1. Could you grab the pairs with beta carbons closer than 6 Å, sequence gap of 6+ or different chains, first residue in region 53-68 and surrounded by fewer than 10 Cβ atoms within 10 Å (Cβ to Cβ) and in a helix (DSSP H, G or I), second one at pLDDT 95 or above and not hydroxyl-bearing (S, T, Y)?
2. Output the residue which, of all residues in region 1-13 that are assigned to a helix (DSSP H, G or I) and among the polar types (S, T, N, Q), is modelled with the highest pLDDT.
3. Determine which member of the set R33, R49 is modelled with pLDDT of 90 or more, basic (K, R) and within 15 Å of the chain's Cα centre (by Cα).
4. Just one of (1) surrounded by 10 or more Cβ atoms within 10 Å (Cβ to Cβ); (2) modelled with pLDDT under 95 trips up A25, so point out which.
5. If L16 satisfies all but one of (1) assigned to a helix (DSSP H, G or I); (2) of a type outside the set (K, R); (3) surrounded by 12 or more Cβ atoms within 10 Å (Cβ to Cβ); (4) modelled with pLDDT under 95, what's the number of the condition it fails?
Amino acid sequence: MSTTNAGSGGSSANKLSIVSTVIDAGLAFARGRPKSGLLLLAAAALSTRVPGIGTATSLLLRVVRRLR
């Protein structure tokens, strides 16, 4: 019998990605960027269903800020 992570919420790498996105959201709020913070929190919540979306959102926000 094989075991899977499907019932435990995903891999540890995905959990680390979610935690990282939540930390980025906290930093965004602390820096006075509430829209970015909310977007990152939403992406972290969505990351439980779509792995990597939080990391992609965080990178996208950094690129957009750099281009401004």
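1. From residues that are surrounded by fewer than 10 Cβ atoms within 10 Å (Cβ to Cβ) and in a helix (DSSP H, G or I), there are no pairs.
2. Within region 1-13, the match that is modelled with the highest pLDDT is S12.
3. Being modelled with pLDDT of 90 or more, basic (K, R) and within 15 Å of the chain's Cα centre (by Cα) holds for just one of R33, R49, which is R49.
4. It is condition (2) that A25 fails.
5. Against the list (1) assigned to a helix (DSSP H, G or I); (2) of a type outside the set (K, R); (3) surrounded by 12 or more Cβ atoms within 10 Å (Cβ to Cβ); (4) modelled with pLDDT under 95, L16 comes up short only on (3).
The values are calculated or read from the model by the stated rules, or taken from the named source; none is laboratory data. What you see is a predicted model; the values in this text were computed from it and never measured. All Cβ positions, even for glycine, are placed from backbone atoms using ideal geometry, and neighbour counts span all protein chains on display.
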